[in-house]
1. Considering only residues that are farther than 16 Å from A144 by Cα, in contact with a helix residue (DSSP H, G or I) (Cβ under 9 Å, 6 or more places away or on another chain) and not aliphatic (A, V, I, L, M), which ones fall in segment 52-76?
2. May I ask you to verify whether R157 is out of contact with any Gly (no Cβ under 6 Å at 6 or more places or on another chain), surrounded by fewer than 17 Cβ atoms within 10 Å (Cβ to Cβ), among the charged types (D, E, K, R) and over 30 Å from K74 (Cβ atoms)?
3. Quickly run through segment 10-60 and pick out the residues that are within 16 Å of the chain's Cα centre (by Cα), farther than 25 Å from D106 by Cβ and not aliphatic (A, V, I, L, M).
4. Could you tell me which numbered condition M174 fails, if it satisfies all but one of (1) within 20 Å of G84 (Cβ to Cβ); (2) of a type outside the set (F, W, Y); (3) surrounded by 14 or more Cβ atoms within 10 Å (Cβ to Cβ)?
5. Quick check: is even one residue across segment 126-141 closer than 22 Å to R168 by Cβ and either surrounded by fewer than 17 Cβ atoms within 10 Å (Cβ to Cβ) or in contact with a Gly (Cβ under 7 Å, 6 or more places away or on another chain) (or both)?
6. Which one of these does E159 not meet: (1) modelled with pLDDT of 95 or more; (2) among the acidic types (D, E); (3) more than 30 Å from T68 (Cβ to Cβ)?
7. Can you find even one residue in segment 151-165 that is under 17 Å from the mean Cα position of the chain (by Cα), among the aromatic types (F, W, Y), under 30 Å from T61 (Cβ atoms) and part of a helix (DSSP H, G or I)?
8. Here are the criteria: (1) part of a helix (DSSP H, G or I); (2) more than 20 Å from I15 (Cβ to Cβ); (3) at pLDDT below 95. Tell me which single one F185 does not satisfy.
Amino acid sequence: MKMYYFLIPLVIGFICNWVSAFTAAFSHRWGECWGTRLSFIFRNIFGIPLWAFGIALAIRTVSASWFTTGKVIKVIGWALISFGCVIIFLGINAIRWRAAMPSTHDELVQDGIYAHIRHPIHVGTFFEIAGLWVLFPTRAVTLACGLWLVWVLVQTRLEEIDLVQRIRGYSEYMSRVPRFLPRFFT
C-alpha cells in the first residue's frame, strides 16, 4: 500500500466529524429534525467510519518503525487503549443517545464523569491515540495519530461553540468544570 493513501479516508472522516459539530446551525437553518439528522449522518455514517478506516489503513501501511515493541510495550499500549475505552464508555453512558444524535433540546449533563471533565469521550480518545502509537510506532501511524490528536482538539472547540448555543447553562458549566484534566485538589 502506498505510504499516504490512508490520509484520504482519515482526513475526509475528520472533516465530516467537524461538520457534525454544527447541530445548532443546521437546526436553525433547516429545522430541528433535519439539524439532528445531518449531525447524525456526518458523525456516524461518514465521519467515524471513514477516519477509523483511515487509522486501520495507517496500521497496515508498511513504514519505518521508531522502536521495536516487546511484551512490556504491548501491555502498556493495550492498557492505554483499555483505559481510554473505559473513559469513553463512562462518557457515553452518561449522555446516552445524545453522543450520536445531538439536538437543540438536549439538557446539560453535569454528573458522573461530567462533574470532573467536560469532554471525557475526547480524553478517552487521547489514551487510545497514545496506546495505538505505542503498539504500532511506525511513521504512518505517527502521522495518523498526530492528525487524530489535532482533530480531537479542533472537534472539542467546535463542539463547545455548538454546545453554548444549544444547551442552557453550558457557559457557566465551562467556567466550573475543566475541559480535559480533572481538578483533584479543589
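1. F67, T69, K74 - these are the residues of segment 52-76 that are farther than 16 Å from A144 by Cα, in contact with a helix residue (DSSP H, G or I) (Cβ under 9 Å, 6 or more places away or on another chain) and not aliphatic (A, V, I, L, M).
2. So R157 fits the description; yes.
3. Within segment 10-60, F53, G54 qualify.
4. All conditions pass for M174, except number (1).
5. Checking segment 126-141: not a single residue is closer than 22 Å to R168 by Cβ and either surrounded by fewer than 17 Cβ atoms within 10 Å (Cβ to Cβ) or in contact with a Gly (Cβ under 7 Å, 6 or more places away or on another chain) (or both).
6. Of the numbered conditions (1) modelled with pLDDT of 95 or more; (2) among the acidic types (D, E); (3) more than 30 Å from T68 (Cβ to Cβ), the odd one out for E159 is (1).
7. yes
8. In the conditions (1) part of a helix (DSSP H, G or I); (2) more than 20 Å from I15 (Cβ to Cβ); (3) at pLDDT below 95, F185 misses (1) alone.
The values are calculated or read from the model by the stated rules, or taken from the named source; none is laboratory data. Model, not experiment: these values are computed from the prediction. A quick note on method: Cβ atoms are made from the backbone with ideal geometry, for glycine too, and the neighbour counts reach across all protein chains shown.
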